[in-house]
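Asker: Just dropping this structure here.
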Amino acid sequence: VIESLEADDENLNIRIVRDSADSILSSLKDVALTLVLAAVISMIIIFIFFGDYKASLIVGSSIPTSILVSLILMTSAGFSLNIITMSGLVLGVGMMVDNSIITIDNINQHRMRGKSLFQACLDGTNEIITPLLSSVLTTCAIFVPLIFMSGIAGALFYDQAMAVAIGLFVSLAVSITIVPVVFHLLFMYAKEGK
């Protein structure tokens, strides 16, 4: 663009005094790496506690799905992808995992009661929709004061608070729609020996 502007007007001479593009891109890469590491560490911890690689895979698939849908919604709402919004998503990853873990655990509880796989997925998910919704709403309520802050701090925290809120609502939707379906498919194929 600079070369084009200077070619249009020979009296125009533009010098770049400061270019922070490289440092911003480096910071975004660091935040993205942190996001990936958080997802991998979450999957390892889930594997250790559940002792089942399928549960770890389900939660592992819910994290990128939630993040991807969150990024799409944030872009649609006019938020830019920057360090603040990405750090909001990093903060939300731990909370995003909670919704999926609770869904998987409740489905397993219903399976232990002797219900069929399909019925356990259905009943286990339906039973926790209200508690998960109240959990997401109370967590988002913590960020409401940040949205109304004024000045530079308000501008910074607004993006971060909205990123966390969008991420949590998306993870709620993923945990009550996609997680039970993936759970059903994985355990159905495992039972059939495929």
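The values are calculated or read from the model by the stated rules, or taken from the named source; none is laboratory data. Please read these numbers as outputs of a predicted model, since none were measured by experiment. Neighbour counts run over all protein chains shown; Cβ positions are idealised from the backbone, glycine included. Please note that ligands, DNA and RNA were not included when accessible areas were found on the heavy atoms of the full protein model with its side chains. Shrake-Rupley method; radii C 1.70, N 1.55, O 1.52, S 1.80 Å.
Asker: I'd like to know if the stretch 28-44 contains one or more residues that are open to solvent by 50 Å² or more (accessible area, probe 1.4 Å) and among the acidic types (Asp, Glu).
Answerer: yes
Asker: Name the residue that is farthest from residue 52 (Cα to Cα), counting only residues in the stretch 172-187 that are touching a Leu at 6+ places or on another chain (Cβ under 9 Å) and at pLDDT 90 or above.
Answerer: Of the residues in the stretch 172-187, the ones touching a Leu at 6+ places or on another chain (Cβ under 9 Å) are 172, 175-176, 180, 182-184, 186-187.
Applying the additional criterion that residues be at pLDDT 90 or above yields 172, 175-176, 180, 182-184.
Numbers: 172: 22, 175: 18, 176: 20, 180: 16, 182: 14, 183: 12, 184: 15 Å.
Among those residues, the one meeting the criterion is 172.
Asker: Can you pull out every residue in the stretch 62-86 that is more than 11 Å from the chain's Cα centre (by Cα) and either buried (at least 22 other Cβ atoms within 10 Å of the Cβ) or closer than 22 Å to residue 135 by Cβ (or both)?
Answerer: If the condition is that a residue be more than 11 Å from the chain's Cα centre (by Cα) and either buried (at least 22 other Cβ atoms within 10 Å of the Cβ) or closer than 22 Å to residue 135 by Cβ (or both), then 73, 74, 85 are the ones that fit.
Asker: What are the pairs with Cβ atoms under 7 angstrom where one residue, in the stretch 109-122, is of a type in the set (D, E, K, R) and the other, located anywhere, is surrounded by 13 or more Cβ atoms within 10 Å (Cβ to Cβ)? Sequence gap at least six, or different chains.
Answerer: Here the result reads 111/117; 111/120; 115/123, each pair linking the stretch 109-122 to a residue that is surrounded by 13 or more Cβ atoms within 10 Å (Cβ to Cβ).
Asker: Of all residues in the stretch 45-58, which are part of a helix (DSSP H, G or I), without any contact (Cβ under 8 Å) to a residue 40 or more places away in the chain and open to solvent by less than 60 Å² (accessible area, probe 1.4 Å)?
Answerer: Residues of the stretch 45-58 part of a helix (DSSP H, G or I): 45-50, 53-58.
Keeping just the survivors that are without any contact (Cβ under 8 Å) to a residue 40 or more places away in the chain gives 45, 47-49, 53, 56.
Matches in the stretch 45-58: 56 only.
Asker: How do the pairs read when you match residues in the stretch 145-159 that are under 18 Å from residue 83 (Cβ atoms) with residues anywhere that are open to solvent by 60 Å² or more (accessible area, probe 1.4 Å) and outside any helix (DSSP H, G or I), using Cβ under 7 Å and keeping only pairs 6 or more apart or on different chains?
Answerer: Close Cβ pairs (under 7 Å, with a partner that is open to solvent by 60 Å² or more (accessible area, probe 1.4 Å) and outside any helix (DSSP H, G or I)) amount to 157/149.
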